[in-house]
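To keep things clear, I will list the structure first and then write my remarks on it.
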Amino acid sequence: MAVALEAKNLTKKYGEVIAVDNVSLSVERGSLFGLLGPNGSGKTTMIKMLTGQTRPTSGSASVLGVDVIKDPVGVRGQVGIIPEQETPPSFLTAMEYLEFVAAVRKIPDIETKEDWWFDFLDFADKKNVLCKDLSRGTRQKLMFTQAFIHEPALALIDEPLINFDPIMQDVVKDYLAGYVKKGRTIFISTHILEVAEEICSGFAILHKGILLHTGPVAELTARGEHLPSFFLSLVRKDRHV
Ligand SMILES: Nc1ncnc2c1ncn2[C@@H]1O[C@H](COP(=O)(O)OP(=O)(O)OP(=O)(O)O)[C@@H](O)[C@H]1O
Ligand SMILES: [Mg+2]
């Protein structure tokens with residue numbers, strides 16, 4: 001099976017803090033991979049390293065065959081990204097922002113595509129509103145759109161469901177599950193373990209920067225285990241040692 005993303009002994013230190021500690025993992029093309037872990041366990045730092053937003057202290061990683069240390073801009077050009085808590089520029093309208101993204105990424109036929117997304121995520125009435133005046137959930141819809149509008153071979157999303165209402169969570173969850181069926185790959189971080197169990201094929205659990213587990217979700221369910229209880233037992237066990 002072809003690999004979409006591979007990390008080898010990735011480590012990131014912020015001064016004395018080891019945010020990610022010697023993590024190796026690989027993600028197959030065509031899979032939806034969930035990175036799980038308590039607050040502060042290193043998920044965002046991991047995504048930042050994999051998308052060339054921050055340079056690892058040591059170790060290496062390749063994303064769609066591109067070395068994230070040697071060519072971080074090359075990685076960002078190929079993937080779709082929703083960074084943690086990122087919001088679109090306050091001084092552009094929703095539509096202007098998508099047109100800006102389309103110009104940078106050289107996306108053809110942007111009018112048709114943005115209309116499809118406005119309709120799909122139900123925010124056509126906001127297309128001419130300045131981003132600063134959008135609700136948090138609508139800003140997230142826009143961020144989601146910019147990450148997927150060019151249908152990247154790989155999308156990395158830090159908490160895809162955050163800020164979405166239950167209806168929109170359902171729409172987005174189904175979209176993610178369908179996206180990988182076309183052979184594309186998605187890497188998400190999430191705290192919503194039930195959703196991870198439902199839509200992810202592979203997952204990893206980080207705790208205090210250390211990789212506690214990585215493997216297929218099916219391996220767990222075949223043993224009659226569930227991801228939420230597996231996660232809690234692993235992380236709590238670690239807490240008591
Ligand atoms: N820019 C930074 N400077 C210093 N320390 C940082 C920086 N970014 C992250 N850290 C630290 O690295 C560790 C991992 O943080 P990170 O944001 O990767 O965790 P996370 O798993 O994404 O958490 P959450 O679930 O809360 O989003 C934390 O101890 C955090 O305080
Ligand atoms: Mg985070």
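The values are calculated or read from the model by the stated rules, or taken from the named source; none is laboratory data. Small disclaimer: the values here were computed from a predicted structure and weren't measured. Backbone-built Cβ (ideal geometry, glycine too); neighbour counts: all protein chains shown.
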Filter the range 5-23 down to the residues that are among the small types (Gly, Ala, Ser) and either within 8 Å of ligand 1 (Cβ to nearest atom) or outside any strand (DSSP E or B) (or both) and list them by number.
GLY15, ALA19
Selection status of ILE69, of a type outside the set (Asp, Glu) and within 16 Å of ligand 1 (Cβ to nearest atom)
no
Being farther than 23 Å from SER189 by Cβ and not aliphatic (A, V, I, L, M) is true for just one of GLU96, GLU86. Which residue is that?
GLU96
Any chance you could count how many residues in the range 149-183 are within 16 Å of ligand 1 (Cβ to nearest atom) and either outside any loop (DSSP other than H, G, I, E, B) or modelled with pLDDT of 95 or more (or both)?
3
Within the range 20-67, which residues are farther than 13 Å from ALA4 by Cβ and of a type in the set (A, V, I, L, M)?
VAL20, VAL23, LEU35, LEU36, MET46, ILE47, MET49
Do you know which residues across the range 216-231 are of a type in the set (A, V, I, L, M, F, W, C) and loosely packed, with under 12 Cβ neighbours inside 10 Å?
ALA218, ALA222
Set GLY209, GLY215, GLY224: member being within 13 Å of GLY34 (Cβ to Cβ) and not assigned by TED's automatic domain parsing to the domain that holds ALA147:
GLY215
Residue tally, condition in contact (Cβ under 8 Å) with a residue 40 or more places away in the chain, outside any strand (DSSP E or B) and not polar (S, T, N, Q), over the range 187-216
7
So for the range 43-50 (the condition being among the charged types (D, E, K, R), away from ligand 2 (no atom under 11 Å from the Cβ) and assigned by TED's automatic domain parsing to the domain that holds ARG236), does at least one residue qualify?
no
Complete set of residues in the range 53-92 that are polar (S, T, N, Q) and in contact with a helix residue (DSSP H, G or I) (Cβ under 7 Å, 6 or more places away or on another chain)
THR54, THR87, SER90
If you go through VAL66, VAL73, VAL104, the only one that is surrounded by fewer than 17 Cβ atoms within 10 Å (Cβ to Cβ) and either within 16 Å of ligand 2 (Cβ to nearest atom) or assigned by TED's automatic domain parsing to the domain that holds TYR179 (or both) is VAL73
Pull out all pairs, ordered by first then second residue, where Cβ-Cβ is under 8 Å, the residues are six or more apart or on different chains, the first lies in the range 70-92 and is aliphatic (A, V, I, L, M), and the second is part of a loop (DSSP other than H, G, I, E, B) and more than 14 Å from ligand 2 (Cβ to nearest atom).
VAL73/GLY52; VAL75/GLY52; VAL75/LEU64; VAL75/VAL68; VAL79/LEU64; VAL79/PRO152; VAL79/ALA153
